[in-house]
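A short worksheet on the structure shown next.
The values are calculated or read from the model by the stated rules, or taken from the named source; none is laboratory data. Model, not experiment: these values are computed from the prediction. Cβ: placed from backbone, ideal geometry, glycine included. Neighbour counts: every protein chain shown. We work out accessible area using only protein heavy atoms, side chains counted, and drop any ligands, DNA or RNA first. Shrake-Rupley method; radii C 1.70, N 1.55, O 1.52, S 1.80 Å.
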Amino acid sequence: MNVRLQSGETAPDFTLTTDTGDTVTLSSLQGRKVILFAYPKAMTPGCTKEACDFRDSLTGLQAAGYAVLGISPDQPEALAKFVERDGLTFPLLSDPEHKVLEEYGAWGEKKNYGRTILGVVRSTFVIDERGDIELAQYNVKATGHVARLKKQLGLPE
């Protein structure tokens, strides 16, 4: 059975390599609000739509105090191509062993074209300044997700 994080739980800490080869550690962001979104694969249509929506909303999210991070099993080189191709302006995290994705419950069985496969469950986590889960959403739809999230967080469209 997959882990499912709940509001109020401590967000699992992690250190992962980014698209630039740097590392990001969640605990180093304590004191800031963080939106961590898990997506299946760089440069695929749904993941591109979601990442570009976060890119286009980044100014407003940052003004409200949020840092945005994307996470997938892609290698840093693939993430760097994604960032360059689509002009993404926030870090993408590489989790090829899907250890962090598993800790967040964003890796598991899912339906894909009628087949059950193991993979990334498109998910979004809002982490508060203390490092606690404020919101955990699983099986989100890429299209319109950022607008729905902003509405849930009480942010302007």
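Coupling constants for the range 6-17 follow from the phi torsions by the Karplus curve (6.51 cos²θ - 1.76 cosθ + 1.60, θ = phi - 60°), and in residue order they are 10, 4, x, 6, 6, 5, x, 6, 7, 10, 9, 7 Hz; glycine and proline get x. Note on the range 1-146: with charges restricted to the Cβ of Lys and Arg (+1) and Asp and Glu (-1), its dipole about the Cα centre is near 540 debye. About its Cα centre, the range 30-100 has a charge dipole of approximately 180 debye under the convention of +1 per Lys or Arg Cβ and -1 per Asp or Glu Cβ, with nothing else charged. Solvent-accessible surface of the chain, averaged per residue with a 1.4 angstrom probe and all protein chains in place: 50 square angstrom. Scanning residues 5 or more positions from V68 or on other chains, those with amide H under 5 Å from its amide H are I35, with H placed 1.01 Å from N in the peptide plane. Straight Cα distances below 17 angstrom link K151 to the lysines K33, K141, with same-chain residues fewer than 8 positions distant left out.
Pairs of alpha-carbon atoms within less than 8 angstrom and 6+ residues apart define the contacts here; what relative contact order does the chain have, in percent?
Details: 307 pairs, mean separation 50.0, N = 157.
Computed value for the chain: 32 percent relative contact order.
Split the accessible area of the range 92-157 by element, probe 1.4 Å, and carbon with sulfur accounts for 50%. Of interest is the spacing of the C-alpha centroids, which for the range 87-157 and the range 1-30 amounts to 12 Å. Most tightly packed first, judged by the mean number of other beta-carbon atoms within 10 Å of their residues, the peptides 19-25, 78-84, 123-129 read 123-129, 78-84, 19-25. Taking 12 Å as the straight-line reach from the Cα of K99, the aspartates and glutamates in range (excluding those fewer than 8 positions away in the same chain) are D13.
Over the range 75-157, calculate the relative contact order: mean separation of alpha carbon pairs under 8 Å at least 6 apart, over the residue count, as a percent. Before the final figure, lay out the partial values.
Numbers: 76 pairs, mean separation 12.1, N = 83.
Across the range 75-157, relative contact order equals 15 percent.
With all projection directions averaged, the alpha carbon convex hull of the chain covers 8.6 nm².
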